[in-house]
Every structure is written in structure tokens, then in C-alpha cells.
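Quick notes on the structure that follows.
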Amino acid sequence: MENKERDKILLSHGSGGKEMASLIKNLFLKRFGNPILNELTDSAILEVRKKKICFTTDSYVVKPLFFPGGNIGVLAINGTVNDLAAMGARPLYISCSFIIEEGFDIETLDKILISMSKASKKAGVKIVTGDTKVVEKGNADKLFINTSGIGISEREINLSKKNIEPGDKILINGGIGLHGIAVLSEREGFKTNIRSDCAPLWDLVKRIISKGGVKFLRDPTRGGVAAVLCEIVENSNFGIKILEEKLPIPKGVKSFSEILGLEPLYLANEGKIIAIVREDEASSILNIMKKHPLGKDAAIIGEITKENKGRVVLETLIGGLRFIDRLVGEQLPRIC
């Protein structure tokens, strides 16, 4: 029985944790691998007539479809915009494909489309193509959306893990775990004031990369901050130390996490960006973040170290050290 289970796709294969990393490495890269895909960045960087184009795609299966702070449509627009922004690319065009279950309410669909239209205008992108499929009742869970996006780099900037070196600082633009707790609360009927942080990040990213000194960016969605940091140190000749006292964990997220036994570092975010920056520019970039509406709670949460190569270490409030690993299993499925 156990052997049969290992031969099947599990929910944990979509968690952003160890199982998902293994699936990508041992199946998708094995069959599709090429120098561009092998980089496993948020967007593929393509050279087209000497222009640097970024291209990305993502699918959204969040449950429930509506949650405090957003819905599946807003999530789809902002998620794709942010995958482009994380590569330093101005988002320009988006495609939207819908897989709709028979019997889905048209008024609800229109409500989602209206919010997508507003979100795309706010993010400065145009929806330029799409597709619609309807499947028999019971063959899907209401509505799934796939979006692809194209963006263009407006300046010569090289955001790559290869640039990172000991001494660099790690910044995040605000409170972590808000999206994960907002969706979980709505799904389970918990009373809370927590709203998803779902938001387009390009304007914030544009400002910090204009300053210079930014070496790497990544939005910590599925798998949360922990997944991004573990991915950064994987096969690297350096380690990461983060400080528990510096982590911007909102009080509500902390309380819910303690009650439900969740680790905030693994909770999904949809309006956060992790930036690895040069030590001498860290304070300036932090100030730029704090002046932006999406960065008022920004913080320097840690640094790149010579010690603990290939590992992420959390220094706790009492001075202890705890290794942070990729998530094993599934903390919250259907979160984005």
C-alpha cells in the first residue's frame, strides 16, 4: 500500500516543499530540461531581437474562491504580475484561461471578471488573450484559472542567485503569513480580521532596483519565506541566518499559528517580496520599502553567512539556533 502511495501524486507535491522540489527535479526537468528552464526562476528570461523579455505562467485553484482581501481572479492577476516583477521586469500583457465546472453561477463569474479587470488596470497590464473550457459537473471544483504573462526589463539588471555572497542582507517588505491565514480562516469559518496581502508588487520593485544593490528577488508564495530561503541556499557555498526578533509576523497571524500549530515561515504570501541586497545598500533600500504603501512594515530579517553552508538557521528570541528546512508534507492545500 505504501509503495502504491509513493507512485501517486499527493497534495504535498503542490505544497512548495520537499516533495514538489523532488517532482520538478526528477520528472519535469528530466523530460523538459534546457538551460532556460533549468534556472527555475519565477519567469523565463528570453532574448528576442536583443531585448530581454520575461515570460511566466501559473494556475490558480484556491479554495474558497472568495476570501478576505481578494478572490481567485485578483490572485491570478497579481500572482503573474509579481512573478514578472521578481525578475525585474515591467509586466505588460497577460493571458487568462478559465476551466469552469458545469452549473457555476454566471453572476459569480462576472463578479470575478470585474475584479480581474480592476486588478489588471491597477497593475498596469492588459489582458490580451485567453481561453474558456467547461467540464461536466463533478469533474472540477467550480473554477480554475491559468494566467501567463509577458514583461520587459527596462534596465540592465542581473537578478540571480549566482550574485549572492556572504555579508549580503535579506529584506522583506512586511508582515508574513497574511494570505495563508486569511484563506484558511474563510475556509474553516474562523472569525478573524486578517486579510490577504494580495497586491501587485511592480511599483515597489521598480523603486528598489532603481536604487542599485539588489542582487536577487523572489515572492514567497506557496511554501512561504522558508521555501524561498531554502531554495536560495540549495547547492550554494554559503548559509543564511535569520533573526526571529526581526521577523515581521502580524499579531493575528502569530496567534492563529500558535492555536493551529502552524509555522508562519511556511505560510503563503501574495504581496511580499524577499530581496537579497548588498550590505552597504541595505539601509537605503529598507527606507525605500518603508516609504511605499506595500512596505511600511519592511524589515531586514537576516544575512548571508560563510557558516552553515547550504543551510538556513533561525536565531531564536532566547539566542538558540534552529535549522529551517523545506516543508515536508502539506501545511495548507489549495492556498493559491
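In whole Å, what is the distance between the alpha-carbon centres of the stretch 292-336 and the stretch 33-105?
24 Å
Fully extended, how many nm does the chain gain between Glu47 and Lys162 (0.36 nm per residue separation, minus their Cα-Cα distance)?
Stretched out fully, the Glu47 to Lys162 stretch lengthens by 39.5 nm.
Write out the GluC sites (Glu not before Pro) in the stretch 68-127 meeting two conditions: DSSP loop, and at most 11 other Cβ atoms within 10 Å of their Cβ.
Glu102
With the contact rule set at Cα under 8 Å and sequence spacing of 6 or more, what percent relative contact order holds for the stretch 37-179?
Worked out over the stretch 37-179, it gives 33 percent.
Between Phe66 and Glu234, what is 0.36 nm times their sequence separation minus the Cα-Cα distance? Round to one decimal in nm.
Length gained, Phe66 through Glu234: 56.9 nm.
How much length is gained if the chain between Asp280 and Leu11 is pulled fully straight, taking 0.36 nm per residue apart and subtracting their Cα-Cα distance, in nm to one decimal?
Extra length available between Asp280 and Leu11 comes to 92.6 nm.
Let me know the charge dipole size of the chain about its Cα centre in debye, to the nearest 20, where only the beta-carbon of Lys, Arg (+1) and Asp, Glu (-1) is charged.
Taking the Cα centre of the chain as origin, the dipole is about 820 debye.
For the stretch 285-298, take each phi angle, set θ = phi - 60°, evaluate the Karplus expression 6.51 cos²θ - 1.76 cosθ + 1.60, and give the result in whole Hz per residue in order, putting x for glycine and proline.
So the J values, rounded to whole Hz, are 5, 4, 5, 4, 4, 5, 7, 8, x, 8, x, 5, 9, 4.
Given a Förster radius of 41 Å and the C-beta distance between Arg334 and Lys290 as r, what FRET efficiency does 1/(1 + (r/R0)^6) yield to the nearest 0.05?
Between Arg334 and Lys290 the formula returns 0.80.
Can you give the relative contact order of the stretch 171-284 as a percent, counting alpha carbon pairs under 8 Å and 6+ residues apart?
Reported relative contact order: 51 percent.
With each label point set 7 Å from Cα along the Cα-Cβ vector, what nm distance links Glu107 and Arg31?
That separation, rounded to one decimal, is 4.3 nm.
Can you give me the accessible area per residue for the stretch 259-318, using a 1.4 Å probe, in Å²?
47 Å²
Give me the percent of the accessible area of the stretch 1-141 that comes from carbon and sulfur atoms, probe 1.4 Å, all protein chains in place.
57 percent
Going down the list Lys18/Lys254; Lys161/Lys306; Lys161/Lys241; Lys211/Lys291; Lys191/Lys254, which pairs span over 19 Å between their C-alpha atoms?
Lys18/Lys254
Residues with amide H under 5 Å of Glu270's amide H, sequence separation 5 or more or different chain, H placed in the peptide plane at 1.01 Å from N; which?
Amide H to amide H, under 5 Å and 5 or more residues apart or across chains, Glu270 pairs with His179, Asp197, Cys198.
Using the Cα gyration tensor of the stretch 9-99, with a ≥ b ≥ c the square roots of its eigenvalues, what is the shape: rounded (a/c below 1.5), prolate (a/b larger than b/c) or oblate (neither)?
Oblate, because a/c is 1.5 or more while a/b does not exceed b/c.
Over the stretch 201-244, with every protein chain in place, what whole percent of the accessible area is carbon and sulfur at 1.4 Å, could you tell me?
Within the stretch 201-244, the accessible surface is 38 percent carbon and sulfur.
Report the charge-dipole magnitude of the stretch 1-73 in Debye, nearest 20, computed about the Cα centre from +1 at each Lys and Arg Cβ and -1 at each Asp and Glu Cβ.
Here the stretch 1-73 has a charge dipole of around 300 debye.
So with the 1.4 Å probe, I'd like the accessible area per residue for the stretch 1-160, rounded to whole Å².
Accessible surface, normalised per residue, equals 59 Å².
For the chain, which longest stretch is free of loop sites, where a loop site is one of the trypsin sites (Lys or Arg not before Pro) that DSSP puts outside H, G, I, E and B and that has at most 15 other Cβ atoms within 10 Å?
The reported range is 192-295.
Find the relative contact order for the chain and round it to a whole percent, using C-alpha pairs within less than 8 Å whose residues are 6+ positions apart.
The normalised contact order for the chain reaches 24 percent.
How far apart, in nm, are the 7 Å Cα→Cβ label points at Glu263 and Ile24?
Going from the Glu263 label point to the Ile24 one covers 1.8 nm.
What per residue convex hull volume, in Å³, comes out for the stretch 132-284 when only alpha-carbon positions are used?
167 Å³
So, in nm, how far is label Thr192 from label Lys121 when the simple model puts each one 7 Å beyond its Cα toward the Cβ?
About 3.2 nm separates the two model spin labels.
By a straight-distance test (C-alpha under 17 Å), which lysines pair with Lys25 as possible cross-link partners, with residues fewer than eight away in the same chain excluded?
Filter leaves Lys8.
The values are calculated or read from the model by the stated rules, or taken from the named source; none is laboratory data. These numbers come from a predicted model, not from an experiment. We place every Cβ from the backbone using ideal geometry, glycine too, and count neighbours over all the protein chains shown. Only protein heavy atoms, including side chains, enter the accessible area calculation; ligands, DNA and RNA are left aside. Shrake-Rupley method; radii C 1.70, N 1.55, O 1.52, S 1.80 Å.
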